[in-house]
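The structure appears below as structure tokens.
The values are calculated or read from the model by the stated rules, or taken from the named source; none is laboratory data. Model, not experiment: these values are computed from the prediction. We place every Cβ from the backbone using ideal geometry, glycine too, and count neighbours over all the protein chains shown. We work out accessible area using only protein heavy atoms, side chains counted, and drop any ligands, DNA or RNA first. Shrake-Rupley method; radii C 1.70, N 1.55, O 1.52, S 1.80 Å.
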Amino acid sequence: MRVLSGIQPSGQLHLGNYFGSILPNLEFIGKAKESFFFIADLHALTTMHDAETLRKAREDIVLDYLACGFDPKKAAIYDQSSIPEHTELMWILSTVTPMGLLERAVSYKDKVQQGVTASAGLFTYPVLMAADILLYQADTVPVGRDQKQHVEIARDIAVKFNNLYGETFTVPEPSIRAEVAVVPGTDGRKMSKSYGNTIPLFAADAEVKKAIMGIVTDSKGANDPKDPEQCTIYQLHKLFLSKEQSKALAEEYRRGLAYGEAKKRLLEAFIDTFGVIRAKRTKLSAQDATKTLEAGRVRAQAVAAATMAQVRKAVGLR
Ligand code: ADP
Ligand code: TRP
């Protein structure tokens with residue numbers, strides 16, 4: 001099984017990203033025989049137009065992954081932009097991609113509705129994503145549900161190309177991450193950078209403490225019984241606990257655990273779980289990112305070059 005996935009460099013990592021994306025990705029890598037993970041920096045250009053922000057976000061995401069336990073010996077991690085074959089293949093694929101296929105992509109419409117500029121790059125985003133996948137002859141692509149349609153477009157493009165030019169590409173399968181419960185933010189809505197309600201994984205102790213102590217609750221008194229299902233503190237705390245531990249904690253809420261005490265315990269659970277990872281993150285430097293990305297690039301480049309040689313020959317460019 002060859003697994004491949006792309007990660008968008010998206011700024012300061014939060015608990016939602018960790019439980020919803022990083023943890024399942026790391027589990028996938030653990031099980032796969034061979035895996036490729038790349039930083040989708042070319043895709044990021046469709047929404048990020050500040051060079052320094054992008055540069056920093058690319059470095060941060062590699063260091064975040066390394067701190068969280070990504071093993072560069074087990075999987076290659078590299079920048080999409082460091083392998084020019086991605087864009088070369090994208091062009092060739094775009095010549096066999098029906099317009100209608102892209103017009104049906106919901107993510108383009110969603111993003112435009114959210115205010116992202118409707119650029120040609122945003123529209124052809126799925127073709128670049130198809131190139132990312134097909135270049136490595138990946139058979140399994142672990143993604144969140146929102147990316148399923150993009151992998152299906154990649155499948156359609158692979159089939160179309162193979163029909164036109166002969167068997168060239170492995171037709172990939174999406175592997176949709178088991179629906180992780182949406183991690184709530186400090187205001188009870190979905191945790192998201194755009195809502196400013198995050199608990200950051202790698203921020204300074206004081207900032208994490210401020211975020212946790214600032215979780216919005218109702219106005220029940222210290223000893224009043226509380227409904228754990230309606231309480232953001234409990235919903236977050238549960239992420240760190242086993243089933244039995246969650247049940248026992250829920251019982252305490254029903255008996256009247258004070259919100260202040262509940263927050264203190266959540267902070268302790270956070271530090272217990274992430275203490276080692278956080279310490280490791282502070283020791284990693286820009287050099288570690290560069291070294292890791294270069295090793296990944298070398299491994300990825302070999303596969304990309306072999307596929308491109310085949311593609312050029314198939315279409316008559318060689
Ligand atoms: P944000 O909403 O903060 O901008 P991103 O869209 O960059 O987060 O999220 C990257 C990935 O992290 C998503 O694909 C999703 O799988 C996961 N994720 C983000 N927020 C949450 C959340 N609140 N609960 C569960 N998973 C999340
Ligand atoms: N579009 C994906 C996302 O926003 C990132 C991505 C780019 C990707 N290329 C990919 C994911 C190839 C899987 C395979 O999350």
Query raised in the report: When only residues in the stretch 197-235 that are open to solvent by less than 70 Å² (accessible area, probe 1.4 Å) and without any contact (Cβ under 8 Å) to a residue 12 or more places away in the chain count, which is nearest to ligand 1 (Cβ to nearest atom)?
Result: ALA204
Report task. Output the qualifying pairs, or none if there are none: Cβ atoms under 6 angstrom, residues six or more apart or on different chains, first residue in the stretch 281-303 and closer than 14 Å to GLN80 by Cβ, second residue polar (S, T, N, Q). Result -> ARG297/SER82
**Report entry** Residue tally, condition more than 13 Å from LEU42 (Cβ to Cβ) and either of a type outside the set (Gly, Ala, Ser) or not in a loop (DSSP other than H, G, I, E, B) (or both), over the stretch 109-125
**Finding:** 10
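For every residue, the table says whether it meets (1) more than 16 Å from ligand 2 (Cβ to nearest atom); (2) over 17 Å from THR307 (Cβ atoms); (3) of a type in the set (Asp, Glu).
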| residue | (1), (2), (3) |
| --- | --- |
| ALA32 | no, yes, no |
| ASP50 | yes, yes, yes |
| LEU63 | yes, yes, no |
| CYS68 | yes, yes, no |
| ASP71 | yes, yes, yes |
| ALA76 | no, no, no |
| LEU93 | no, no, no |
| PRO98 | yes, yes, no |
| LYS109 | no, yes, no |
Query raised in the report: In this structure, is LYS111 among the charged types (D, E, K, R) and open to solvent by 50 Å² or more (accessible area, probe 1.4 Å)?
Result: no
Query raised in the report: Quick one: would you say ILE153 is within 16 Å of ligand 1 (Cβ to nearest atom), open to solvent by less than 50 Å² (accessible area, probe 1.4 Å), assigned to a helix (DSSP H, G or I) and at negative phi?
Result: no
Query raised in the report: Hey, LYS148 hits all of (1) surrounded by 17 or more Cβ atoms within 10 Å (Cβ to Cβ); (2) part of a helix (DSSP H, G or I) but one; which does it fall short on?
Result: (1)
